[in-house]
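All remarks here apply to the structure that follows.
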Amino acid sequence: KRACTEKIKVLVTGGTGLVGRALESHVISDPQPNEEWIFLSSKDGDLRDMAQARRVFELHRPTHVAHLAAMVGGLFKNMKYKLDFLRENLLMNDCVLECCREFGVSRCVSCLSTCIFPDKTTYPIDETMIHNGPPHDSNFGYAYAKRLIDIQNRAYHEQYGCMFTSVIPTNIFGPHDNFNLQDSHVIPGLIHKCYIAKQKDEPLTVLGTGSPLRQFIYSKDLARLSLWVLREYHEIDPIILSVGEEDEVSIREVALMINKAMGMKQGIQFDGSKSDGQLKKTASNSKLRKYLPDFKFTPIQQAIDETVQWFCENYDTARK
Ligand code: NDP
């Protein structure tokens, strides 16, 4: 339990997204008497616009900010809309961080991603390597916008003493994800495809060879870790929030786990003519492990089972 009993008011941008919803359900299940939480959607204000962002900050006057709002998407959306990913995220991050400064926010935690690291690198990737070379061409718009958050955090600290930091999650999945067939990340996209394939009594088709390796983090685990960062992590430098290197899985294994969770009997086929993206981007979680050696991640099959169950139960209203 925390020693600090000061009243804090946390504003969560992107509060209606995958991570925001997971954070919200965690906070509801474990309320702290000295904390008030506000979860924003884009309907509360377009954070690309400084006047609207200021209105939101003026209304809520937060002491802490979890900045999750972003234009987000999987490989194929990233390849198609590079300028939109760059501009929308640059604008949003600039407005939110500047409002944090103007309104005297004492802690702001923003979200980067392991997919913004240099393409040509050594593995495992760690927090010190973000700016060591160009990102993969498939998502350079998103990557450069996100990298700049780290630069902004350092500059806000050096010029104004602000305590803004960032977390670097690997691929996230869970309830309330975007399950759109074109624009989603790999797990929600495959869950939706699998759901349709099962109804049509066809095999699940996976784009690419299935061989790329990824580390996935369940949104509920990320919510618990993000809360710890907001409350107890006092560095400006980012921290990777990920399962260990030994828990990296191939897309093929993920597809098998989804098929199992869905009770699919029709098997899987791979369309090797489609892009695989980066073959791997293994990240080290040793900084996290130094702080939290005993943190237990949810086993991936269990997390996929829960996500598939949530999707099937909420099919009509899920984002798709
Ligand atoms: P989602 O796409 O699920 O949610 C995005 C959120 O941002 C929504 O609440 C959305 O509001 C809000 N938003 C989007 N545009 C605007 C805008 N112009 N003004 C105000 N709010 C806006 O995102 P995730 O939860 O998946 O991602 C959270 C963070 O984690 C992001 O910063 C992302 O870059 C990062 N991340 C995500 C990964 C992943 O695998 N998903 C991997 C690594 C990092 P509304 O619902 O009203 O549209």
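Odds and ends about this structure:
- Top-ranked residue of region 10-22 - restricted to ones that are out of contact with any helix residue (DSSP H, G or I) (no Cβ under 7 Å at 6 or more places or on another chain) and not β-branched (Val, Ile, Thr), ranked as farthest from the ligand (Cβ to nearest atom): 21
- For region 48-73, taking the residues that are touching a strand residue (DSSP E or B) at 6+ places or on another chain (Cβ under 6 Å) and outside any helix (DSSP H, G or I), the one that is farthest from the ligand (Cβ to nearest atom) is identified as 63.
- Of all residues in region 99-152, those satisfying the criterion of being touching a Phe, Trp or Tyr at 6+ places or on another chain (Cβ under 9 Å) and closer than 16 Å to residue 163 by Cα are 99, 100, 101, 102, 103, 105, 107, 108, 109, 110, 149, 152.
- Filtered residues of region 25-47 (kept if at pLDDT 95 or above and either in a loop (DSSP other than H, G, I, E, B) or on the phi > 0 side of the Ramachandran plot (or both)): 40, 41, 45, 46, 47
- Among the criteria (1) part of a helix (DSSP H, G or I); (2) of a type in the set (A, V, I, L, M); (3) surrounded by fewer than 19 Cβ atoms within 10 Å (Cβ to Cβ), the one residue 236 does not fulfil is (1).
Residues are listed down the side, and each one gets a yes or a no for (1) free of Cβ contacts under 8 Å to residues at least 24 places away in the same chain; (2) more than 17 Å from residue 18 (Cβ to Cβ); (3) in contact with a Pro (Cβ under 9 Å, 6 or more places away or on another chain):
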| residue | (1), (2), (3) |
| --- | --- |
| 125 | no, yes, yes |
| 144 | no, yes, yes |
| 190 | no, no, no |
| 199 | yes, yes, no |
| 203 | no, yes, no |
| 209 | no, yes, no |
| 221 | no, no, no |
| 225 | no, no, yes |
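- Filter result (closer than 30 Å to residue 276 by Cβ and within 11 Å of the ligand (Cβ to nearest atom)) within region 88-114: 88, 89, 92, 93, 110, 111, 112, 113, 114
- Filter result for residue 168 (modelled with pLDDT of 95 or more, β-branched (Val, Ile, Thr) and outside any helix (DSSP H, G or I)): yes
- Any hit, region 174-185, residues being part of a helix (DSSP H, G or I) and within 11 Å of the ligand (Cβ to nearest atom): no
- Residue pairs meeting the criteria (Cβ under 9 Å; at least 6 apart or on separate chains; first under 15 Å from residue 120 (Cβ atoms), in region 277-295; second in a loop (DSSP other than H, G, I, E, B) and among the polar types (S, T, N, Q)): 279/211; 281/121; 281/170; 281/215; 282/215
- Looking across region 23-47 at every residue that is within 8 Å of the ligand (Cβ to nearest atom) and touching a residue at least 12 places away in the same chain (Cβ under 8 Å), the one that is nearest to residue 9 (Cα to Cα) is identified as 40.
- Subset of region 278-316 (residues that are within 17 Å of residue 181 (Cβ to Cβ), out of contact with any strand residue (DSSP E or B) (no Cβ under 9 Å at 6 or more places or on another chain) and not acidic (Asp, Glu)): 308, 311, 312, 314, 315
- Scan of region 307-320 for residues that are crowded, with 18+ Cβ neighbours inside 10 Å and either at pLDDT 95 or above or within 12 Å of residue 175 (Cβ to Cβ) (or both), ordered by number: 307, 308, 311, 318
- Meets criteria (buried (at least 21 other Cβ atoms within 10 Å of the Cβ) and out of contact with any His (no Cβ under 8 Å at 6 or more places or on another chain)) for residue 78: yes
The values are calculated or read from the model by the stated rules, or taken from the named source; none is laboratory data. If you're wondering where the values come from, they're calculated on a predicted model, not measured in any experiment. Positions of Cβ are generated from backbone atoms using ideal geometry, with glycine treated the same way; all protein chains shown enter the neighbour counts.
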